[in-house]
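Novice: Quick one: the structure is below, and I'll ask about it shortly.
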Amino acid sequence: MNEFITKDIMAIIPTYISERGDCTIIYTKGENIILGLTVKSIIKKLCAHYLLDIKASNKYYGRLIAAKNMVPLPLTRDKIFIQLKVRKPIGRCDGGMGYFNLNSIKKIKEHEKGASVILNDGIEVQCMYTQDTINKHIKYGELVGNLYDNRIYTINEAMERYETTDTPATKSDIARIYMAIQDIAGKMS
């Protein structure tokens, strides 16, 4: 059931199949996987696999890009997903949002009823947004990708000093560790 996690996911799109109800199509390179799960369930499984707290991610990146809703989802540096509305919800708990991997978007095509996202392998997914709105979400995704890279780089840069030299820890190093531990302990309680 979780075989989709290891695939190169291009898009996760909600669909309704008459015999099965709410389902999800996962477009990957080379195949399309249809699962009897909601998009929300699949996103939770992906976040668990990549050890990502989606609420904390939305809060952190949402604050940085000044967005409260539809914050891009950075699973890894190369897997940043943006949310786009692809259908009208059928019921109260039904999802209409699809997730698109930024690296898999080839181009945006505008037409009368909105715009379509064309994936790298030529699959066209109809969206309920205009081309300008989709481009705005793509820019937000690129911004989150840049912020993600900077955050990882800063952590790696701080660790590089200790990996390349064999110097003893200073009082300020120990103080920083102590403050970080207190910060983590405060978030856990």
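Just so it is clear, none of the values below were taken in a lab; they were calculated from the coordinates. Just so we're clear, the structure is a prediction, and the values are computed from it rather than from any experiment. Positions of Cβ are backbone-derived with ideal geometry, glycine not excepted, and every protein chain shown enters the neighbour counts.
Novice: Residues of the range 19-34 with backbone nitrogen within less than 15 Å of a virtual label 7 Å along the Cα-to-Cβ line of Lys45, please, listed as ranges.
Specialist: 22-28, 32-34
Novice: Continuing with the same structure: When the Karplus curve 6.51 cos²θ - 1.76 cosθ + 1.60 is applied with θ = phi - 60°, which whole-Hz ³J(HN,Hα) does each residue of the range 58-64 get, with x for Gly and Pro?
Specialist: So the Karplus estimates, Gly and Pro as x, are 4, 5, 5, 6, x, 5, 5 Hz.
Novice: For the chain, what is the calculated [θ] at 222 nm in deg cm²/dmol (nearest 500), taking -39500 (n - 2.57) for each run of four or more DSSP H residues and dividing by its residue count? Can you show the working numbers first?
Specialist: Details: 4 runs with 75 residues, N = 189.
Helix-only estimate at 222 nm: -13500 deg cm²/dmol.
Novice: Only Lys, Arg, Asp and Glu count, each charged at its Cβ (+1, +1, -1, -1), so figure out the dipole size of the range 2-188 about its Cα centre, rounded to 20 debye.
Specialist: On the way: 27 positive and 21 negative charges, 147 e Å.
Charge dipole of the range 2-188: 700 debye, to the nearest 20.
Novice: Of Thr6, Cys47, Ala66, whose Cα points farthest to the positive end of the dipole of the range 2-188 (charges on the beta-carbon: +1 Lys, Arg; -1 Asp, Glu; origin at the Cα centre)?
Specialist: Ala66
Novice: Kindly write out, for the range 18-25 in residue order, the coupling ³J(HN,Hα) from the Karplus curve 6.51 cos²θ - 1.76 cosθ + 1.60 (θ = phi - 60°), rounded to whole Hz, with x marking Gly and Pro.
Specialist: Taking θ as phi minus 60°, the curve returns 4, 7, 10, x, 5, 9, 9, 9 Hz for the range 18-25.
Novice: I've got another one for you. Which FRET efficiency value, to the nearest 0.05, is calculated for Leu143 and Lys106 with the Förster distance at 22 angstrom and r the Cβ-Cβ distance? Spell out each step's value before the answer.
Specialist: Working: r = 20 Å, r/R0 = 0.93.
Rounded to the nearest 0.05, the efficiency is 0.60.
Novice: So for the pair Met128, Leu52, with labels modelled 7 Å out along Cα→Cβ, what separation do we get in nm?
Specialist: 2.4 nm
Novice: May I pose another question? Mind giving me the nanometre distance, one decimal, between the label points for Thr76 and Met179, set 7 Å out from Cα along Cα→Cβ?
Specialist: 3.3 nm
Novice: Ordered by residue, what ³J(HN,Hα) values in Hz, to whole numbers, does the range 106-116 give under the Karplus form 6.51 cos²θ - 1.76 cosθ + 1.60, where θ = phi - 60° and Gly and Pro are x?
Specialist: Running phi through 6.51 cos²θ - 1.76 cosθ + 1.60 with θ = phi - 60° gives 7, 6, 10, 10, 8, 8, 4, 8, x, 8, 10 Hz.
Novice: Over all directions, average the projected area of the Cα convex hull of the range 7-122 and note it in nm². Display every interim value, and only then the final one.
Specialist: Details: hull surface 32.7 nm².
Computing the convex hull of the Cα atoms and averaging its projections yields 8.2 nm².
Novice: GNM on the chain, C-alpha springs below 10 Å: top fluctuator among Tyr178, Tyr50, Tyr140?
Specialist: Between Tyr178, Tyr50, Tyr140, it is Tyr178 that shows the largest mean-square fluctuation.
Novice: How much length, in nm to one decimal, is gained on full extension between Ser18 and Ile90, taken as 0.36 nm per residue of separation minus their Cα-Cα distance? Write down the numbers at each step before the final one.
Specialist: Working: separation 72, 0.36 × 72 = 25.92 nm, distance 1.25 nm.
Additional length available on full extension: 24.7 nm.
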